[in-house]
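Data block below; observations after.
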Amino acid sequence: MNGTHLHSVKFRAMGSPCELIIHTSQDAGPELLQLARDRLTQLEQKYSRYRPDSITTRINAAAGTGETVPIDQETLGLLHYADSLHTQSKGLFDITSGVLRRAWDFRSARLPEPKSIEALLPSIGWRRVTWSQAGISLPTPGMELDFGGFVKEYAADQVAQRLRDSGVEHGLVNLGGDIVVIGPQPDGQPWRVGIRHPRQADTALLKLPMTHGAIATSGDYERFMLIDGVRYCHLLNPFTGFPVHSPFASATVIADQCLIAGSFSSLTMLTAETDPDWITRVGLPYLLIDQSMQVLSNMESR
Amino acid sequence: MNQNTTALGSLCAAAALLNSLAGQANANPLTQEYSLDYLTNVYQEGDIPQDKLATGSESRYTINTHLLMGVVPLTEDSQLTITGLHESMTGASPWYVVPGDEGEPAQVMSNATIDEARNQIDLDLYTYHDRSESTLSLSYSKENDYDSVGFGYSGAWRFNNDLTSINFGLNAGQDNIHPTQDDRFPGRVRSEAQNRLGGFVGVSHIMTKNRLVGLSLGTSNQVGYLSDPYKQVWIDGSVAPDARPDRKSLTSLSLMWREYLPAYNAALHTDLAAYQDNWTTTAASLNLAWHQNLPYNWQLVPSMRVYHQTEAAFYSPYYETTRSDGYYSSDYRLSEFTAFSGKLKAVWNWSSFQVKGSYEYYGTQGEHPGLVSYSLYSFGMGATF
Amino acid sequence: MKHTFWLLCIVCVLQGCATVEPWERGTMAREEMAFVPDKLDQNFRDHIHYSKEGARMVGAGSGGGCGCN
């Protein structure tokens with residue numbers, strides 16, 4: 001493939017640093033990158049909790065009113081996916097658990113009052129949500145949906161798909177560490193995807209070669225606070241309202257789709273407190289880093 | 001143990017469903033763009049060789065064609081395509097065949113240079129739905145001695161996650177012929193008509209991410225005046241009008257194979273077709289085209305075609321005796337022959353603008369002295385906006 | 001919702017391993033992978049063929065005109 005040029009762009013989207021790298025013809029590059037970013041912007045606008053015109057905001061605003069908010073096919077697909085996640089995680093992954101954010105301020109370096117958490121728990125419960133093709137209705141005021149747990153991974157798949165549809169055969173989509181690889185590099189070499197050191201920001205503990213598929217990592221370092229030597233991270237148990245204490249500092253999973261990789265890395269962290277071997281029975285390539293920075297993986301040493 | 005493999009299966013299924021729903025949400029089957037395309041063709045038939053010509057002009061038809069096609073989006077899921085055609089023809093045409101000194105057939109050509117024009121307009125209304133699409137077509141063509149109207153409906157129904165589609169269609173038409181009279185041929189018909197009614201069913205399937213295959217079966221019935229009013233036949237020394245049965249039933253089967261070859265950045269098109277009618281003509285054709293993408297937005301498309309047909313039951317280049325059924329035709333179209341053609345096309349895209357040019361040569365082999373060969377030069381350009 | 005899910009499962013089984021996922025269908029969108037990439041050119045060629053040859057393949061469309069000479 002002669003005549004391909006490297007085009008890349010770095011920007012912030014969905015609250016994370018993002019990067020798109022593609023190899024394509026000189027002329028097509030900028031247009032393709034824009035096409036990819038357009039899709040990302042579209043998804044961000046559609047599902048952001050912070051935008052007054054997003055579907056998420058509309059659904060949350062109607063909570064407890066009895067109103068059924070109509071949804072499109074894509075949102076229906078996301079809800080169905082969230083439902084599957086809830087079932088498979090036995091309720092540990094719950095897209096209504098975002099309300100706990102009101103009690104947990106990880107920048108405050110202070111544990112929340114148990115009362116304030118108890119007050120929020122009745123607002124959590126995906127099973128109480130009524131949803132169908134016709135729309136969705138949150139039963140009680142104050143209840144909230146948050147697609148943040150997987151929409152970034154889904155967006156990475158969608159952006160990569162748009163690039164593939166446009167004929168891109170060599171590229172990489174990185175949305176804040178949720179990575180999709182579109183074919184090898186033009187010279188046939190794999191991309192080398194860094195796995196962050198859980199305790200040293202901006203340092204790669206190791207690098208994994210990838211020619212296709214997606215990789216996602218969930219770690220206890222994303223948002224956390226240390227109080228009396230105990231780490232409280234953003235991965236909250238929806239039944240207790242408190243952070244899970246995972247034996248792993250981070251869990252990385254590889255799959256064909258970023259959505260799958262991301263879901264299994266999150267579920268690994270959420271389930272590890274009670275079932276640290278959970279991921280070993282899934283059948284996907286994983287790489288775990290435990291609290292003593294030891295690597296556990298089912299991938300051949302690279 | 002089972003629990004977690006279920007987790008993977010369940011989430012993969014949910015993700016697959018999500019992707020198909022998102023695909024529908026983002027499907028932009030209609031680009032919602034206006035487009036305008038112009039194509040001009042110069043069609044030039046080769047001279048008839050001296051040794052095959054009995055009398056008349058040796059030079060044959062030249063046709064200049066101008067085609068203009070506009071696509072107008074009407075709503076989010078429908079569009080109208082309007083195609084206009086104007087062509088002017090000039091040249092001489094084959095009349096009938098006589099036996100030469102040693103019984104070899106020789107062509108009698110018209111002398112006069114014929115100057116004619118034909119205009120045609122086509123309207124296609126295309127609508128796209130979640131699981132199906134349909135096209136309504138209307139066509140009208142007019143020459144000084146011939147006019148034709150056609151109506152068509154075709155539909156497609158997609159299923160199996162949009163991997164498979166069933167296609168079907170119906171078409172009907174009527175042609176009216178009112179030939180120019182000529183004192184030399186007093187028996188020529190004055191006003192005749194023919195009707196046709198046909199239909200097809202087909203299936204197309206995305207087999208792999210690089211392979212698309214389609215199969216189509218069609219049938220058509222033509223009823224009415226199916227002869228050529230300007231053609232004559234030689235029967236034992238005298239000349240009589242071309243006379244064919246007033247009913248023709250035909251069946252055709254086509255296989256279309258599209259294979260994308262990533263290693264070459266090219267696509268190979270293979271088209272096979274078989275045909276049979278109740279005049280006992282059977283035919284088969286093979287068309288191969290290689291669509292090669294090249295740097296700087298060029299595309300080069302070499303293609304070749306082979307076609308063979310057998311003769312109609314009542315066909316003969318000339319007749320030594322009369323036939324009991326009264327059917328006669330010495331039209332080369334009803335003779336047994338093989339045709340070969342080769343074509344090279346170049347396409348250049350620049351932004352939303354396209355320029356293309358092609359050359360094709362078509363040659364024939366068979367016993368009829370009037371078999372045609374032609375060169376076709378094409379130039380076209382188009383834009384979307 | 002359940003129906004869609006089961007339909008998806010049945011379709012998956014019917015297709016066996018040969019499934020081409022929606023996100024793998026980029027190639028199919030290429031112009032040169034269409035059955036007829038250049039409709040204007042193809043229709044004109046079909047018209048020549050059926051006016052100079054005995055066979056007439058039945059497909060979509062409704063075109064007319066004599067083409068006889």
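Please treat every number below as a calculation from the coordinates, not as lab data. Remember, predicted model here, so these are calculated numbers, not experimental data. Don't worry about glycine lacking a Cβ; one is built from the backbone with ideal geometry, like all the others, and counts go over all protein chains shown.
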Any chance you could list P(r) for chain A, counting all Cα-Cα pairs in 20 angstrom bins from zero, rounded to whole %? 32, 57, 11, 0
Note down the nm distance, to one decimal, between modelled labels 7 Å out along Cα→Cβ at residue B:190 and at residue B:138. 3.2
Normalized C-alpha radius of gyration of the range B:288-385, against 2.2 N^0.38 Å? 1.62
Where is the GNM fluctuation largest for chain B (alpha-carbon springs, 10 angstrom cutoff): B:280, B:135, B:40? B:280
Given the options A:274, A:252, A:96, which has the most mean-square fluctuation in a GNM of chain A, springs set between C-alpha atoms less than 10 angstrom apart? A:274
Between residue B:34 and residue B:121, what is the spin-label point distance in nm, taking each point 7 Å from the Cα along the Cα→C-beta axis? 1.8
Looking at chain A as a GNM with Cα springs under 10 Å, which of A:100, A:121, A:138 has the largest mean-square fluctuation? A:121
What is the magnitude of the charge dipole of chain B about its Cα centre, with +1 placed on the Cβ of each Lys and Arg, -1 on the Cβ of each Asp and Glu, and no other charges, expressed in debye to the nearest 20? 1280
So, with points 7 Å from each Cα along the Cβ direction, the residue B:383-residue A:294 label distance in nm works out to 7.0
Return the whole-Å distance between the Cα centroid of the range A:218-290 and the Cα centroid of the range B:74-109. 74
Full-extension gain between residue B:361 and residue B:76, please, as 0.36 nm times their residue separation minus the C-alpha to C-alpha distance. 98.4 nm
Within the set B:248/B:343; B:52/B:231; A:46/B:209, which residue pairs have Cα atoms separated by over 21 Å? B:248/B:343; A:46/B:209
Which order results if A:159, B:223 are arranged by neighbouring Cβ count within 10 Å, fewest first? B:223, A:159
Excluding residues on the same chain fewer than 8 positions from residue B:356, give the aspartates and glutamates whose Cα lies under 15 Å from its Cα. B:37, C:31, C:32, C:38, C:41
Please name which of B:180, B:193, B:100 has its Cα lying farthest along the dipole of chain B towards the positive end, using unit charges on Cβ (Lys, Arg +1; Asp, Glu -1) and the Cα centre as origin. B:193
Kirkwood Rh in Å, taken over all unlike Cα pairs in the range B:31-384: 22.9
Which residues does the label zone of residue B:264 cover in the range B:315-358, counting backbone N under 15 Å from a point 7 Å along Cα→Cβ? B:345
When B:114, B:235 are arranged by how many other beta-carbons sit within 10 Å of their Cβ, fewest first, they go B:114, B:235
Order of A:253, A:180 from fewest to most other C-beta atoms within 10 Å? A:253, A:180
Under 4 °C and 1.567 mPa s, how fast does the protein assembly as shown diffuse according to Stokes-Einstein, given a Kirkwood radius computed over C-alpha pairs? Answer in µm²/s, whole number. 43
The FRET efficiency for residue C:51 and residue A:6, from their Cβ-Cβ distance with R0 = 45 Å and rounded to 0.05, is 0.30
Per residue Cα convex hull volume for the range A:55-145, in cubic angstrom? 104
Report, in whole Å, the centroid distance computed from the Cα atoms of the range B:336-385 and the range A:62-113. 61
